[in-house]
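Some notes on the structure that comes next.
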Amino acid sequence: MTDQSLFDKLRSRLGPERARRRLTVETRQQTRLSRRKLKFLHREHWFSHPHLISTVLWLSGLYARGRRNAEAIVVRRNTVCSGKLPAAFDGFSILHLSDLHSNGNEAAMARVLPLIQQCDYDLCVLTGDYRDAKFGGCEAAERGLAALIGSLRPPVLAVPGNHDSIEMIEALERLGIRVLLNEMEIIHRAGERIFISGIDDAHFFRTHDIPKAAAEIPKDEFAILLSHTPEVFREAEQAGFDLMLSGHTHGGQICLPGSVPITLSARLPRRFGAGAWQYGKMQGYTSTGTGTSIAPVRFNCPPEITLHQLQRVTAP
């Protein structure tokens, strides 16, 4: 697909300014990261280079343990209670997958499928980072996702992450996934409805548009925002969303005892970095993610898939 046809396709969904920004930033990132790969011995890249991290862990005797930890995926359950939830959606279950990085740790991905097949859910949402690298082709990631996505029960909604190029968005849509680029979908059940909005990546590309994603949602109805990063929690609460589902942080991935993250790679208070949280009138949940980034290891931060159950509460 030519640059012009890509721009035309994106413009109809993101608008001309954000479409142009995404394509420009993506092109610059591709060039910069390709050069960085050739200059990985420069001291400014040492800390984040995967081979160096893996070598240090191997020399310390921790690498095998970290790999085992990264493959020990758990199913976490989270309950969301709201008086705005329609009665028909009481007990509605959402399967939440995030940060699959599908071609980064094949052993971990192999464990996801049987876990999902054991889950009972009404809707599946994916909150970004489907491939491992931030540049290059998406074929390996698409192959890794094909079997997984083929086993998911529809409807399946998704948003892109900071690792996901336009190619990855197109790959998801070829697999039958509805990708939300500052867009909204309505979920109907027994004559009632809830609203699900999704935004483009707000962490790196910064092409999100929460007002556009919320524009057609009535203020008195229950609405969920899907965002790769939880960093936009303030904007989401101000827009009137009742629940925000995110990922991106990996919960830190390599944490101190007590699940204290060394770094979150996100600009936000640490209490928003993993698990359930509340901000104003909005509830939120940040998944620690299923896959790994930089190195295929985890410490004190188990990978997860998440089941959110919606519960209607009534005033006494």
(request) Could you work out which residue, out of S98, S287, S12, moves most in a Gaussian network model of the chain, that is, has the largest mean-square fluctuation with Cα springs under 10 Å? (result) S12
(message) Give me P(r) over the range 252-316, computed from all C-alpha to C-alpha distances, binned every 10 Å, as integer percentages.
(response) 18, 47, 24, 9, 2, 0
(request) State the antiparallel share, in %, of DSSP beta bridges confined to the chain, rounding to the nearest 5. (result) 35 percent
(message) Between R11 and A215, how high is the FRET efficiency from 1/(1 + (r/R0)^6) when r is the Cβ-Cβ distance and R₀ = 25 Å? Nearest 0.05.
(response) 0.90
(request) Take a quick pass over the range 3-312 and tell me how many lysine pairs come in under 30 angstrom between Cα atoms, counting only ones 8 or more apart or on separate chains. (result) 10
(request) Before rounding to the nearest 500, sum -39500 (n - 2.57) across all DSSP H runs of length at least 4 in the chain and divide by the residue total; then give [θ] at 222 nm in deg cm²/dmol. (result) -9500 deg cm²/dmol
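In the chain, which longest range has no trypsin sites (Lys or Arg not before Pro) that are both DSSP loop (not H, G, I, E or B) and surrounded by at most 10 other Cβ atoms within 10 Å?
Numbers: sites that count: K39, K219, R267.
Looking at the chain, 40-218 is the longest stretch - no exposed trypsin sites (Lys or Arg not before Pro) with at most 10 other Cβ atoms within 10 Å.
Where a number appears in this text, it was derived from the coordinates with a stated rule and is not lab data. A quick note: this is a predicted structure, and the numbers were derived from the prediction, not measured. With ideal geometry, Cβ positions are generated from the backbone for all residues, glycine too; neighbour counts draw on all protein chains shown.
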